[in-house]
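The values are calculated or read from the model by the stated rules, or taken from the named source; none is laboratory data. Source: prediction; values computed, not measured. Cβ atoms come from the backbone with ideal geometry, glycine included; neighbour counts cover every protein chain shown. The accessibility values were calculated without ligands, DNA or RNA, using every heavy atom of the protein model including side chains. Shrake-Rupley method; radii C 1.70, N 1.55, O 1.52, S 1.80 Å.
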Amino acid sequence: MPRLLLLLPTTTYRAEAFLDAARKLKLEVVVGSKSAAMREDLGDAAFLPLNMHDWDEAVRSVVEFARAAPIDIVVGVDDHTAVVAAAISAALGLPHNPVTAVAAARNKHRMRELLHAQGVPVPRFALFSVDDDPATVAEKIAFPCVVKPISLSASCGVIRANDCDEFVAAFHRVAALLKKLGEETLGEGAGKILVEDFVPGHEVALEGLLTNGELRVLALFDKPDPLDGPFFEETIYVTPSRLPAAVQREVASCAARAARALGLGEGPVHGELRMGDRGVWVIEVAARSIGGRCSQALRFAAGLSLEEVILRHALRMDIPSLDREGSAAGVMMLPIPRAGVLEEVRGREKALAVPGIENLEITAQPGDELVPLPEGTRYLGFLIARRETPEAVETALRDAHRKLEFIIAPAPAETQRSRVMSF
């Protein structure tokens with residue numbers, strides 16, 4: 001029975017889907033994580049304590065474990081654990097992407113350097129320190145621009161600035177966030193701020209699978225809500241894309257070029273790209289699959305989930321087909337409307353009764369403190385829909401969201417004072 005080492009961060013939405021896929025494939029599962037609290041949710045999976053922030057220590061621990069229990073496949077579910085997975089796979093002699101390539105995909109500055117050097121369109125960019133004077137930095141850049149960390153995801157810390165005053169405020173805000181998160185969370189991104197040109201246009205998300213350097217597009221998601229700032233909270237993804245076929249081919253070609261430029265050749269990739277006046281621009285290419293519960297929107301031939309496709313591919317097992325199911329599908333990441341403490345969610349039954357809505361999962365719990373973007377790192381939950389057309393899917397998601405009511409109380413005074421002091 002093949003053995004999977006599944007690397008999980010301290011908090012993740014991705015564990016359940018991968019564990020379900022592994023059970024379906026009858027894999028023996030070992031979960032590697034720093035969080036011992038995860039043991040309760042692992043079912044029959046074994047647990048291996050790993051410090052993901054010390055790659056050398058994590059590699060040594062897994063190599064020692066593998067002497068008695070050989071590992072056949074290592075999967076990381078987010079940007080950081082994907083890098084650790086590549087390092088462990090290299091040490092075990094398993095097929096893997098180069099560690100440098102996966103690390104570059106996580107580092108937005110290094111990614112842009114490599115893509116620019118290979119002629120892949122990326123926004124003009126520059127790297128600064130949190131200790132730099134933003135008023136001086138503002139003299140060196142063009143507006144509008146985007147200020148962002150180099151190693152966070154889910155649009156955390158990403159802010160658009162249209163002029164010098166907005167830039168100074170955004171720079172200070174991102175710097176404060178980075179200082180609060182600290183080096184353990186940020187890794188090599190600690191203390192660094194990326195400033196790049198804002199690229200106007202329609203944004204899409206690409207889910208793909210690399211085999212021997214060749215990219216197969218599994219799904220192309222439209223993002224119908226404009227992402228123009230000042231913050232970049234993603235909400236609705238719908239597939240198949242409604243873009244013209246020629247534009248979709250250009251997006252796929254650009255994503256494939258980006259993966260090659262980074263040195264990626266195997267496994268899942270998740271790309272964010274924009275169609276501007278001068279063609280397709282790469283915003284991000286990650287060496288992992290789509291985040292959150294969003295993968296529930298994807299089903300493939302023979303009822304395969306995205307996670308089962310990824311595991312079958314890594315183990316070189318038969319994949320009946322990589323064609324997506326015939327119906328349109330989509331996901332809505334439920335945004336946090338305001339800061340505070342979640343008390344109650346109303347309207348669930350009404351939302352689930354909307355034609356086309358397949359699932360509603362509220363991941364925030366009563367009593368949880370809610371922090372909106374750009375400091376926030378989570379959503380309230382996820383809506384999944386399937387219908388005959390992308391337009392019908394989008395309508396279903398919007399209708400269901402309107403039927404939900406989130407009762408949010410003000411945060412405790414101590415928390416509010418802390419936030420004011422920090423930000």
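Leaving ligands, DNA and RNA out of it, work out the accessible area of residue 237 with a 1.4 Å probe and give it in Å² to the nearest 10.
Surface open to solvent at residue 237 totals about 10 Å².
Kindly report the accessible area of the chain per residue (heavy atoms of protein chains, probe 1.4 Å, no ligands, DNA or RNA), in Å².
43
Can you list the HN-Hα couplings for segment 271-279, worked out from phi with the Karplus curve (6.51, -1.76, 1.60; θ = phi - 60°), rounded to whole Hz and with x for Gly and Pro?
x, 10, 9, 10, 9, x, 5, 10, x
Sequence gap at least 6, Cα distance under 8 Å: using those rules, report the relative contact order of segment 82-217 to the nearest whole percent.
The value is 24 percent.
What is the P(r) of segment 360-416, as percent of Cα-Cα pairs per 5 Å bin from 0?
Cα pair-distance distribution for segment 360-416, in percent: 4, 14, 21, 20, 16, 11, 7, 4, 2, 1.
Given charges of +1 on the Cβ of Lys and Arg and -1 on the Cβ of Asp and Glu, with all other atoms neutral, how large is the dipole of segment 85-204 about its Cα centre, in debye to the nearest 20?
Roughly 360 debye for segment 85-204.
List the pairs from 179/223; 34/192; 34/148; 180/350; 24/223; 108/140 whose alpha-carbon separation is above 29 Å, in the order I gave them.
Long pairs (Cα-Cα over 29 Å): 179/223; 180/350; 24/223.
Average the reciprocal distances over every distinct pair of alpha-carbons in segment 137-178, invert the result, and give the Kirkwood radius in Å.
After inverting the mean inverse Cα-Cα distance, the result is 10.4 Å.
Relative contact order for the chain: what percent, with Cα pairs under 8 Å and sequence separation of 6 or more?
14
So what is the orientation-averaged projected area of the chain, using the convex hull of its C-alpha atoms, in nm²? Before the final figure, lay out each step's value.
Details: hull surface 80.7 nm².
Dividing the Cα hull surface by four gives the mean projection, 20.2 nm².
May I ask you to give the average projected area over all directions of the convex hull of the Cα atoms of segment 248-289, in nm² rounded to one decimal?
Orientation-averaged projected area of the Cα hull: 2.9 nm².
What's the magnitude of the charge dipole for the chain around its Cα centre, counting Lys and Arg as +1 and Asp and Glu as -1 at the beta-carbon? Answer in Debye, nearest 20.
That gives a dipole near 560 debye.
Using +1 on the beta carbon of Lys and Arg, -1 on that of Asp and Glu, and nothing else charged, what's the dipole of segment 241-346 about the Cα centre, debye to 20?
220
Label residue 250 and residue 348 with points 7 Å out from Cα along Cα→Cβ: what is the distance between them in nm?
Result for the modelled spin labels: 4.5 nm.
Helix-only mean residue ellipticity at 222 nm, the chain, DSSP H runs n ≥ 4 weighted -39,500 (n - 2.57), per residue, nearest 500. What is it?
Roughly -10000 deg cm²/dmol at 222 nm, from the helical runs in the chain.
Show me the ranking of peptides 341-350, 77-86 by mean Cβ neighbours inside 10 Å, starting with the highest.
Packing proxy ranking, top to bottom: 77-86, 341-350.
Any chance you could run the full-extension gain for residue 228 through residue 407? It's 0.36 nm times the residue separation minus the Cα-Cα distance, nm to one decimal.
Length gained, residue 228 through residue 407: 61.7 nm.
Over its Cα atoms, what ratio of radius of gyration to 2.2 N^0.38 Å does segment 277-423 give?
1.28
In whole percent, what relative contact order does segment 51-93 give with Cα contacts below 8 Å and a gap of six or more residues?
44
Where does each of 130-136, 360-366 land if you order them by average Cβ count within 10 Å, highest first? Mind dumping the intermediate values first?
Working: 130-136: 13.1, 360-366: 15.1.
The packing order, highest mean first, is 360-366, 130-136.
So how much slack lies between residue 44 and residue 90, counting 0.36 nm per residue of separation and subtracting their Cα-Cα distance, in nm?
Gain in length upon complete extension: 13.9 nm.
Over 27 Å apart: what share of the alpha carbon pairs of segment 105-251 falls there, rounded to a whole percent?
Values: 3018 of 10731 pairs.
Across segment 105-251, Cα pairs with separations above 27 Å total 28 percent.
For segment 1-154, take every pair of Cα atoms, bin their distances at 10 Å starting from 0, and report each bin as a whole percent.
10, 33, 27, 17, 10, 2, 0
Mind ranking 354, 371 by accessible surface for me, highest first, 1.4 Å probe?
Largest to smallest exposure gives the sequence 371, 354.
Kindly state, to the nearest 0.05, the FRET efficiency for residue 183 paired with residue 140, given R0 = 25 Å and r defined as their beta-carbon distance.
Working from the Cβ atoms, E equals 0.40.
Considering only protein heavy atoms and a probe of 1.4 Å, how much of the accessible area of segment 77-181 is carbon and sulfur, as a whole percent?
Using a 1.4 Å probe with all protein chains present, segment 77-181 comes out at 51 percent carbon and sulfur.
Let me check I've understood the local charge: for residue 54, count other residues with C-beta under 11 angstrom from its C-beta, Lys and Arg +1, Asp and Glu -1. What total comes out?
With Lys, Arg at +1 and Asp, Glu at -1, the neighbours total -1.
Determine, from the Cβ-Cβ distance of residue 312 and residue 168 and an R0 of 35 Å, the FRET efficiency 1/(1 + (r/R0)^6), rounded to the nearest 0.05. Each step should come with its number before you reach the end.
Values: r = 50 Å, r/R0 = 1.44.
Efficiency, rounded to the nearest 0.05: 0.10.
How large a share of the accessible area of segment 189-324, in percent, is made up of carbon and sulfur atoms when the probe is 1.4 Å and the other protein chains stay in place? Don't skip to the end; give the middle numbers.
Values: 2420 of 4760 Å².
The computed percentage sits at 51.
Quick one, can you get me the convex hull of the C-alpha atoms of segment 207-255 expressed as volume per residue in Å³?
Per residue, the Cα convex hull of segment 207-255 comes to 98 Å³.
Given bins 10 angstrom wide, list per bin the percent of all Cα-Cα distances in segment 1-86, short to long.
P(r) over segment 1-86, rounded to whole percents: 18, 58, 24, 0.
Note down the accessible area of residue 325, probe 1.4 Å, to the nearest 10 Å².
We get 40 Å² for residue 325.
Multiply the residue gap between residue 322 and residue 361 by 0.36 nm, knock off their C-alpha separation, and tell me the result in nm, one decimal place.
Length gained, residue 322 through residue 361: 11.4 nm.
Between residue 388 and residue 133, what's the calculated FRET efficiency when r is the beta-carbon distance and R0 is 56 Å? Round to 0.05.
Taking R0 as 56 Å, the efficiency between residue 388 and residue 133 is 0.50.
From the alpha carbon gyration tensor of segment 63-141, can you work out the equivalent ellipsoid semi-axes (sqrt of 5 times each eigenvalue) and give them in Å, largest to smallest?
Square roots of five times the eigenvalues give 37, 15, 8 Å.
Sorted by packing (mean other beta-carbon atoms within 10 Å per residue), highest first, where do 202-208, 389-395 land? Display every interim value, and only then the final one.
Numbers: 202-208: 22.3, 389-395: 18.9.
Top to bottom by mean Cβ count within 10 Å: 202-208, 389-395.
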